[in-house]
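The values are calculated or read from the model by the stated rules, or taken from the named source; none is laboratory data. Predicted model, so just to flag it, every value in this text is computed and none were measured. Methodologically, a virtual Cβ is constructed for each residue, glycine included, from the backbone with ideal geometry; neighbour enumeration extends over all protein chains shown. To get the accessible areas, we keep the full protein, side chains included, count just its heavy atoms, and leave off ligands, DNA and RNA. Shrake-Rupley method; radii C 1.70, N 1.55, O 1.52, S 1.80 Å.
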Amino acid sequence: DLFIGRDRMGDAMHGDRVLARIERRGRDGRAEGRIVLVLDRAHPTIVGLFRYGPRGNVVLPYDTRLSHEIVIPPGEELTQGLREKLGGVAGPRTRLPELDGAVVNVELTRFPKGGVAPAGRVVEIIGRPGEMGGASGFGDARTRTHRRPDRRHGADTGRDPAGARPPGSPQAGR
């Protein structure tokens, strides 16, 4: 295993496939390193909490391993349904009560690069944290993570990045 601290992550996000360099080994044999290059992105979409802010809109990812706030440019917070509901009347300073504090699914349109935060657009309003059921407060939000094909075998493994399996799969509950 190679330990990579937050200050050595570079432009990578948790789960990305990366090329890393070993920087040093501790007396206990543990290796520490840094990210050199991002080879493959793990998160085309992210579930998080939408917030209007004084300097712009952001989504705070529910997955605490994702340390970047996602910047949502003006107008990109509107899902297709909200655009239709508003009839194109919303301005850049419009604050919608159904959006502020809502759990949303965001499609990333820009990944972190050179200290610039990732950006995205809201593709779905999932609900409110208290309305979503389950002990964690966000019910099925984790099931909205994007499934990736297993590149080693060229097939869909049926696993999401967190390792959960869909109900009824041969190895569900393992």
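Rolling a 1.4 angstrom probe over the protein chains, ignoring ligands and nucleic acids, what is the accessible area of His14 in square angstrom, nearest 10?
Per-residue accessible area (His14): approximately 70 Å².
Would you mind getting me the FRET efficiency between Arg30 and Glu84? Use the beta-carbon distance for r and R0 = 45 Å, nearest 0.05.
E(calc), rounded to 0.05, equals 0.25.
Starting at the first residue of the stretch 104-114, write each ³J(HN,Hα) from the Karplus equation 6.51 cos²θ - 1.76 cosθ + 1.60 with θ = phi - 60°, in whole Hz, x for Gly and Pro.
Karplus values, whole Hz, x for Gly and Pro: 10, 9, 10, 8, 6, 10, 8, 8, x, 8, x.
Return the loop-located trypsin sites (Lys or Arg not before Pro) in the stretch 21-117 (DSSP other than H, G, I, E, B) with at most 10 other Cβ atoms within 10 Å of their own Cβ; answer none if there are none.
Hits after loop and neighbour filter: Arg27, Arg55, Arg65, Arg93, Arg95.
Where both residues lie in the stretch 1-77, what percent of DSSP beta bridges are antiparallel, nearest 5?
90 percent
Under a Cβ-only charge scheme (Lys and Arg +1, Asp and Glu -1), can you give me the dipole magnitude of the stretch 19-91 about the Cα centre, in debye to the nearest 20?
My answer is approximately 360 debye.
Would you work out what percent of the accessible area of the stretch 1-131, with all protein chains in place, is carbon or sulfur (probe 1.4 Å)?
49 percent
For Thr109 and Leu2, calculate 0.36 nm times their separation in residues minus their Cα-Cα distance, and state this gained length in nm to one decimal. Mind dumping the intermediate values first?
On the way: separation 107, 0.36 × 107 = 38.52 nm, distance 2.94 nm.
Between Thr109 and Leu2, full extension yields an extra 35.6 nm.
Which length gain, in nm to one decimal place, applies between Arg128 and Glu98 when the Cα-Cα distance is subtracted from 0.36 nm times their residue separation?
Here the segment from Arg128 to Glu98 would lengthen by 9.9 nm.
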